[in-house]
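Q: Sending over a structure as structure tokens; questions will come in a sec.
All of the numbers you see were taken from the coordinates with simple rules; none came from a lab. Since the structure is predicted, the reported quantities are computational estimates derived from the model, not experimental observations. Using ideal geometry, Cβ is built from the backbone for each residue, glycine included, and neighbour counts are taken over all protein chains shown.
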Amino acid sequence: MFTGIIERTARVVNIEKENTNYHFTLEVSFGDELAIDQSMAHDGCCLTVVRVDKAKKQYTVTAMDETMLKTNLSTWQVGTEVNVERSMRMDGRFDGHIVQGHVDQTARCTRVVDDNGSWRFYFEYDASNAPSITVPKGSISINGVSLTVVDSEPGMFSVAIIPYTYEVTNFHNFREGTVVNIEFDVFGKYVQRLLEQYMNK
């Protein structure tokens, strides 16, 4: 489980394909603290550390074909900047919202608006791909970042980004057309499923 509070951005330094699997090697400032079998969120996608090079502060994670199809990992290249967060500590403050690291689908950035000191980002997604729900002032995870929904319509939503978040996450790389990973609020998904079952009775 994660909180959506990004620790650092990591940089992809190598990509290897083995059958249907992809091995991504990344470099991050706390790479010498990582251990094999550790879970980390990468742009909101939970992946397991399979190799660590502490001297270089690098580590490797593996993504299956299914993960590549349903997330934005297929867009990663050497040099790509990735939001990373280690799994939540039970003795720490819960500053974000519950993020499972299970990407629901991808969304596409459609517009970036400079709000004179902050930014408004607009995204479109496939609303027919359940579970998919956003509500104004509700929570959503974009590339692993815990955010509050501003505008909400079927298949579209926006979020507001303060300068700190813009600088310390990969939001500063977003442009019109950028593909991102989104995870809808877990409580909203349960409510949606319960209502669907009730209405179908």
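Q: In percent, what relative contact order does segment 19-64 have, based on Cα pairs under 8 Å that are 6 or more apart in sequence?
A: Contact order relative to length: 47 percent.
Q: Need the list of aspartates and glutamates near Lys56 for cross-linking: C-alpha distance under 12 angstrom, and skip anything on the same chain fewer than eight residues off.
A: Leaving aside aspartates and glutamates fewer than 8 places away in the same chain, those within reach of Lys56 are Glu27, Asp32, Glu33.
Q: Still on this structure, please answer the following. Using 0.36 nm per residue of separation minus the Cα-Cα distance, give me the extension gain between Val112 and Met156 in nm, one decimal.
A: Extra length from Val112 to Met156 when fully extended: 14.5 nm.
Q: While we're here: Would you mind ranking Cys109, Cys45 so that the residue whose beta carbon has the fewest other beta carbons within 10 Å leads the list?
A: Numbers: Cys109 18, Cys45 23.
Lowest to highest Cβ neighbour count: Cys109, Cys45.
Q: In nm², what is the average projected area of the convex hull enclosing the Cα atoms of the chain? Can you show the working numbers first?
A: Values: hull surface 49.4 nm².
So the mean shadow area of the Cα hull is 12.3 nm².
Q: Holding the Cα-Cα limit at 32 Å, pick out from Lys54/Lys137; Lys17/Lys137; Lys70/Lys137; Lys57/Lys137 the pairs that are longer than that. If you can, show how the numbers build up before the last one.
A: Details: Lys54/Lys137 41 Å; Lys17/Lys137 41 Å; Lys70/Lys137 26 Å; Lys57/Lys137 38 Å.
Table pairs above 32 Å Cα-Cα are Lys54/Lys137; Lys17/Lys137; Lys57/Lys137.
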